[in-house]
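Right, one structure below, let's go through it.
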Amino acid sequence: MARDGSPAALTNADPASAAVSVRDVAMIYGDVHAVRQASFDLAKGRFLTILGPSGSGKTTLLRMIAGFDAPSRGEIFINGQPVSAVPPHRRAIGMVFQKLALFPHMTAAENVAFPLKMRRFDARQIPDRVERYLDLVRLGGYGGRRVHELSGGQQQRVAIARALVFEPDLLLLDEPLAALDRKLREEMQLEFRRIQKELGVTTINVTHDQREALVVSDEIVVMDGGLIQQKAAPVEAYRAPANAFVANFIGVTNFLPGRVLSRTGPDLSIAVAGLSLPGRAVGDALDPGRACAGAVRAEQVRIASVDAGLSGLDTVLAGRITDAIFEGERVVYEVEAESLPGQRLRVFDHDPEGHAQFGPGACVALGWNARDLHVFSQ
Ligand SMILES: Nc1ncnc2c1ncn2[C@@H]1O[C@H](COP(=O)(O)OP(=O)(O)O)[C@@H](O)[C@H]1O
Ligand SMILES: [Mg+2]
């Protein structure tokens, strides 16, 4: 959905005005529809992440954008040019994959110089250019090291410098951080963001890691089953997911299956296990009687002791803690509401020190606001 709530305007009329324009693209292998239908535009200098579970078609879409594989249907334009018309060695695209494919017998500097030599760049200017890009990835002074003398993170940086040194129009990243441990991965995510902002290079990144997508991107394309589920800025994808898949894939969401009781504009009342819960409609197919699911984020659910209560919230239920998991910066509670037997709700408490803490078995009040119960048709 677009920000104004109108149906998603994923493409402009003119593919020449976008840095990348994907138009009605599909990729079919035998009876596997790896990409069923995809269209979007990306403006120059933007950082887009294609986010989705394994097998959703991310790599297939990226390979078509790179021009490695021709789509079964549709066309892709880079700077207004159909990709398939340009031979691979003439394409100004830098790439980093999970397997870095650095040349192990070469030094860091020789690796970074390689694309310049391939492109017959003026040999006298190569050392300066290589040094500039090693500096950019914070490897100044490491040019003489061989690949095996560098740490995993440093090798990543060499791969980034090599992908960028010839100043491509487009940078494509296919899960380059997936193999790194968490701390290094998070550090490199911030590095990608910094370098991309510094150079202003149009970037398409592929990941299954929702946190990475939220952290690094200007825009996110969420994919599932070979279809784009939503294209939105990170904040919008998180706060206003277009459908239940996106709500489930990004963030931690409690789903309450039920039926629509009544609707007035965006305001709904839904029946869940004999309760009547107020919520907000996402989309139009939510007439009374329709099967639906109410979705509330774990951080939008409040809990309090029974005595303190939760006045001011639109929905308040009595519940019992079934589990409490200390995660350092937050406590994750699992709560069973008395009136929703068999349904475990997850609740984040981000300020455990300031709050009373509850152990398993404790009776609590739990609640949320109607605007935070997003209702999707099922
Ligand atoms: N060359 C191929 N031949 C047949 N099926 C393929 C090929 N490449 C990908 N697929 C299938 O297409 C689907 C999407 O794959 P892929 O784009 O690699 O997903 P992702 O990168 O999101 O994990 C998967 O079901 C995969 O098995
Ligand atoms: Mg992949």
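A few notes on this one:
- In the elastic network of the chain, a GNM with C-alpha springs shorter than 10 Å, the most mobile of Ala237, Ala38, Ala273 is Ala273.
- Its Cα centre serving as origin, region 90-159 has a Cβ charge dipole (Lys and Arg +1, Asp and Glu -1) of approximately 320 debye.
- Pairs of Cα atoms nearer than 8 Å and 6+ residues apart set the relative contact order; for region 139-269 it is 14 percent.
- In the complete set of protein chains, residue-level accessible area for Ser305 is approximately 40 Å², probe 1.4 angstrom.
- Accessible surface calculations at 1.4 Å, restricted to protein heavy atoms, place region 7-245 at 46 Å² per residue.
- Accessible heavy-atom area order of Cys292, Cys363, highest first, probe of 1.4 Å: Cys363, Cys292
- The largest accessible area among Lys183, Lys197, Lys117 belongs to the first residue in Lys183, Lys117, Lys197, and the rest follow in falling order (1.4 Å probe, all chains).
- Kirkwood hydrodynamic radius of region 139-252, Cα pairs, Å: 15.5
- Those lysines that a straight Cα-Cα span of less than 22 Å connects to Lys183, excepting residues fewer than 8 apart in one chain: Lys99, Lys197
- Relative contact order of region 7-245, defined on C-alpha pairs under 8 angstrom at six or more residues apart (%): 27
- Largest to smallest in accessible area, the residues Lys231, Lys99 fall in the order Lys99, Lys231 (1.4 Å probe, all protein chains included).
- Cross-link partners of Lys58 among aspartates and glutamates, defined as those whose alpha carbon lies under 17 angstrom from its own and excluding same-chain residues fewer than eight positions apart: Asp24, Asp41, Asp69, Glu75, Asp174, Glu175, Asp209, Glu212, Glu219, Asp224.
- Within the accessible area of the chain (1.4 Å probe), percent carbon and sulfur: 50
- Nearest 10 degrees, 0 to 90: helix 108-118 Cα axis against the chain principal axis: 70
- For Gln81 and Ala178, the difference between the fully extended length at 0.36 nm per residue and the C-alpha to C-alpha distance is 31.8 nm.
- Percent of Cα-Cα distances greater than 15 Å, calculated over region 50-93: 42
- Counting charges near Gly265 (Lys, Arg +1; Asp, Glu -1) among other residues having Cβ under 15 Å from its Cβ returns a value of 0.
- Computed with every protein chain present, the accessible area of Tyr238 is close to 60 Å² [probe 1.4 Å].
- For Phe97, the accessible surface of its heavy atoms amounts to roughly 80 Å² (probe 1.4 Å, protein chains only, rounded to the nearest 10).
- Cubic angstrom per residue, convex hull over Cα atoms of region 7-245: 130
- DSSP bridge orientation in the chain - percent antiparallel, rounded to nearest 5: 75
- Considering only Val252, Gly265, Val331, and ranking their Cα positions along the charge dipole of the chain that arises from unit charges at the beta-carbon of Lys, Arg, Asp and Glu, the one farthest toward the positive end is Val252.
- Per-q log10 I(q)/I(0), region 247-310, q = 0.14 Å⁻¹ (Debye; single scatterer per alpha-carbon; no solvent): -0.47
The values are calculated or read from the model by the stated rules, or taken from the named source; none is laboratory data. On a predicted model such as this, the values are computed, not experimentally measured, just so you know. All Cβ positions, glycine included, derive from the backbone under ideal geometry; neighbour counts span all protein chains shown. In case anyone asks, the SASA skips ligands and DNA or RNA and just uses the protein heavy atoms, side chains included. Shrake-Rupley method; radii C 1.70, N 1.55, O 1.52, S 1.80 Å.
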